[in-house]
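Data first, discussion second: the structure below is written as structure tokens.
Rule-based calculations on the coordinates, nothing more; no lab input. The structure displayed is predicted, hence computed values, not measured ones. Backbone-built Cβ (ideal geometry, glycine too); neighbour counts: all protein chains shown.
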Amino acid sequence: MFRGVPMIKRVMTVVVVAAGAAALALATVAPAGSSEPAPGTAGSSVQSATPSAPTTKQPSAGGSAASAPVDETTMPSTPSTTAEPDPTAPPMAVGTTTNPPAGSTFAEGFDTPAPAGGAFASTYVNAWQPYPDATGGKYWSSLIASAHDGVMDVAMDGEHGAAGTFGTPTGAWSHVGGTFSIRAKASGGAANGVAVMLWPTSNVRADGELNYPEGQFDGRPTVFHHSMVPGQEDKAKRIDTHVSWRGWHTYTTDWVPGQYVKYYLDGELIGTVTENVPTTPHRYMFQIGNWGQPGHLLIDWVATTTH
């Protein structure tokens, strides 16, 4: 799929509905149900180096994205399968990237090359708010995040994790409803994984935790929509995508506060949840652990739309 020729971006039509979600619970990095994803201060791109809540946990032994009880009643009616080779060399995103959907309130396509080591963070200061390096002794985004060939490349090395929030320094923390989309794929990274999420800016987990996509890279991307009942936050409704991380997919969360959250895969609805729907500000973010095999998470683009 990757070719050593100049990359050309093409326009891709994506179904963008009414609002989105995805919160913490570093699924494989931390089983669904884990607590506060990382430090975050509304309106500031410089965040505290010490998380204000318990740190994330290790993945479950069985490789599940969630260790907490889940409700698996909501599943896609026509599962699809996508399996691709798992390249071991640093991937090139040649010929496979697209453009973010038109009309987005915020969109980033990572078209400007930027190496790791600090240049990525400074180049994308208005799109990416990383955790400070050494947060929790786990996250070192500056060492492994870069941009090339029209993608954000998180180069997993088994020693350094990465985490941060998408959006501007002032606008990333105040989403109350909206549509949240990310187009991504992974190569390698066995025994590691990612949780893309909408996490409450309050850092109060019972304010709602919406994780999509989440899972270990040798498993499947999954929705984990968590309970908002205090003391029962580990419980989650699970929606399986039935696809592989190895292929490009667009994951969209459509969040209408207090009414519903709809989850889409490549523009197709895979589940609607009408219980435990947040009503307070959230941030759109991801976490990757500091363990597992070397590999790459490639993010083609991220887009959010507010109502």
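With R₀ set to 25 Å, the beta-carbon distance separating Val204 from Thr274 gives a calculated FRET efficiency near 0.70. Between Val176 and Asp111, the C-beta separation translates, for a Förster distance of 35 Å, into a calculated FRET efficiency of about 0.75.
Using the beta-carbon distance between Asn126 and Gln293 and R0 = 35 Å, what value does 1/(1 + (r/R0)^6) give for FRET efficiency, to the nearest 0.05? Intermediate values should be presented prior to the final figure.
On the way: r = 33 Å, r/R0 = 0.94.
Calculated value: 0.60.
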